[in-house]
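Notes follow once the structure below has been shown.
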Amino acid sequence: HVATSDNQYNVFEQNVVSTLNEKIYPSIAGNWLYWRSKTAPDGTSVQQNSRSDQKMEGFYRLRRIDGKAHSYYSADGSTWTEIGNPFVLPDEYKMAPLKIGARVRNNWMTRYEMSILPTITSDGPASAAGPGEADQMLPSFDAQTADFLDTVSFGPDGIVKLAKSDSSGLESAVVTKSAHSGVGSEGDLELLVEITNKQIFGTGYQAGVALFFATSDKTLQDVSPSSYGSFEANVVSTVREKIYPSITTATWFNLRSIDPSGLQAAPSGSANYQMKTGFLKLERKNGVVTASQSHHNAIWTPIGSPVELPPELKNAPLKLGMRISRNWNSLYDIDLKPTITSGGAVEANG
């Protein structure tokens with residue numbers, strides 16, 4: 001939502017509460033300053049402009065004070081000049097915990113190099129989410145929270161490795177021990193996985209990554225049968241990817257999910273790059289399952305069409321997991337960095 005291409009900078013601006021950006025021109029002294037914020041009462045995003053008299057290697061500040069958004073600049077970090085007037089924020093943003101970040105606006109340039117030293121003043125990160133609220137603070141998959149086969153290992157920084165060096169045994173699979181409740185009244189769930197490294201084995205189709213949702217009664221054995229078709233029949237929804245080594249301009253995707261008739265719809269899609277690294281996402285939102293892919297976690301492309309779930313699965317707690325789709329290749333070594341967005345794990349007894 002906050003990492004768009006520069007020609008979609010306006011999309012980024014609409015996705016954030018407040019933002020400040022600057023622009024310079026080499027032969028012209030001074031900086032142009034632009035800041036934008038959602039404002040009361042209707043949440044419209046409004047922009048104000050300003051200009052400093054000198055080209056700055058200086059300081060910029062974005063603040064929320066008493067429910068108002070303010071922005072400032074300073075050449076020395078001591079004397080601050082406010083940019084325009086403060087914006088009164090909509091009521092829902094006056095006290096709410098907010099994420100804080102920095103990004104680049106290209107301003108029609110394709111190259112840049114800059115160093116920044118950010119400082120955050122706050123009461124600290126919000127505490128882990130309560131029931132029915134988003135919870136990304138807990139580990140997504142590790143040896144304590146997941147069931148997994150011996151071809152799965154866990155590394156630092158949340159990395160999950162799926163690797164097999166021979167054709168024996170079952171394909172790598174890992175699934176949360178507990179089902180996860182959804183976020184809010186609609187029960188939204190998301191499994192986002194970054195493929196950080198994929199080694200190539202042979203010259204044919206490569207083993208691919210599959211993400212899935214499963215009902216709370218499914219076990220590791222249910223999601224790791226040797227028959228991929230049996231696996232698909234055992235889960236609620238799954239999306240997988242496939243590449244061919246010599247075709248560097250294509251990745252193929254397939255989404256399969258149970259629909260209200262109880263049958264599995266199977267939309268498919270493709271991308272114009274080879275996903276040796278990239279991002280794959282499976283979501284349940286408002287009782288509808290979607291999948292999407294992105295090369296750099298900036299612009300996301302849907303895979304096929306959304307699939308509505310049966311009523312009993314629209315809000316039900318679900319297990320989340322990852323496994324290998326062999327694609328006629330029994331060797332693989334893939335590093336993944338998964339993130340779960342949910343209302344939290346649901347204890348088996350409750």
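Give the residues of the stretch 59-88 whose amide nitrogen is closer than 17 Å to a point set 7 Å from the Cα of D42 in the direction of its Cβ.
Hits in the stretch 59-88 for D42 at 17 Å: 88.
To the nearest 0.05, how large is the calculated FRET efficiency for S122 and E82 if R₀ is 30 Å and r is the Cβ-Cβ distance? If you can, show how the numbers build up before the last one.
Details: r = 20 Å, r/R0 = 0.68.
E(calc), rounded to 0.05, equals 0.90.
Tell me the carbon and sulfur percent of the accessible area for the chain, rounded to whole percent, probe radius 1.4 Å.
The value for the chain is 50 percent carbon and sulfur by accessible area.
Between T277 and K161, how many nm apart are label points set 7 Å from Cα along the C-beta direction?
1.8 nm
Given a 1.4 Å probe, how much area per residue of the stretch 150-227 is accessible, in Å²?
Working: 3190 Å² over 78 residues.
Spelled out: the 1.4 Å probe surface of the stretch 150-227, per residue, equals 41 Å².
First select every other residue whose beta carbon is under 10 angstrom from the beta carbon of I200; then total the charges, Lys and Arg +1, Asp and Glu -1.
+1
Taking a ≥ b ≥ c as the square roots of the Cα gyration tensor eigenvalues, with a/c under 1.5 meaning rounded and otherwise prolate when a/b beats b/c, else oblate, which class fits the stretch 256-350?
It comes out prolate by the Cα gyration axes.
Going down the table (K177/K285; K38/K319; K218/K276; K218/K242; K23/K276; K23/K94), which pairs top 32 Å between alpha carbons?
On the way: K177/K285 22 Å; K38/K319 37 Å; K218/K276 30 Å; K218/K242 25 Å; K23/K276 35 Å; K23/K94 29 Å.
Result: K38/K319; K23/K276 exceed 32 Å.
Using alpha carbons only, how many angstrom separate the centre of the stretch 56-79 from the centre of the stretch 237-254?
Rounded to whole Å, the Cα centres lie 46 Å apart.
At 1.4 Å probe size, put W35, W80, W328 in order of accessible surface, largest to smallest.
Final ranking, largest accessible area leading: W328, W80, W35.
Roughly speaking, what is the stretch gain from R111 to S230, that is 0.36 nm per residue apart minus the C-alpha to C-alpha distance, in nm to one decimal?
38.0 nm is the gain from fully extending R111 to S230.
Explain nothing, just the number: dipole magnitude of the chain about its Cα centre with +1 on each Lys and Arg Cβ and -1 on each Asp and Glu Cβ, in debye rounded to the nearest 20.
In total the dipole reaches around 760 debye.
Considering only C-alpha atoms, what is the centroid distance from the stretch 217-231 to the stretch 279-350, in Å?
Going from one Cα centre to the other spans 16 Å.
So what is Rg over Rh here for the chain, counting just Cα atoms and using Kirkwood for Rh?
Values: Rg = 23.3 Å, Rh = 22.6 Å.
Reported Rg/Rh (Cα atoms, Kirkwood Rh): 1.03.
Between E347 and I28, with labels modelled 7 Å along Cα→Cβ, what's the label distance in nm to one decimal, could you check?
Result: 6.3 nm between the two label points.
The values are calculated or read from the model by the stated rules, or taken from the named source; none is laboratory data. A quick note: this is a predicted structure, and the numbers were derived from the prediction, not measured. Note: ideal-geometry Cβ built from the backbone for every residue, glycine included; neighbour counts use all protein chains shown. For the accessible areas, the whole protein counts, side chains as well, though only heavy atoms, and no ligand, DNA or RNA atoms are used. Shrake-Rupley method; radii C 1.70, N 1.55, O 1.52, S 1.80 Å.
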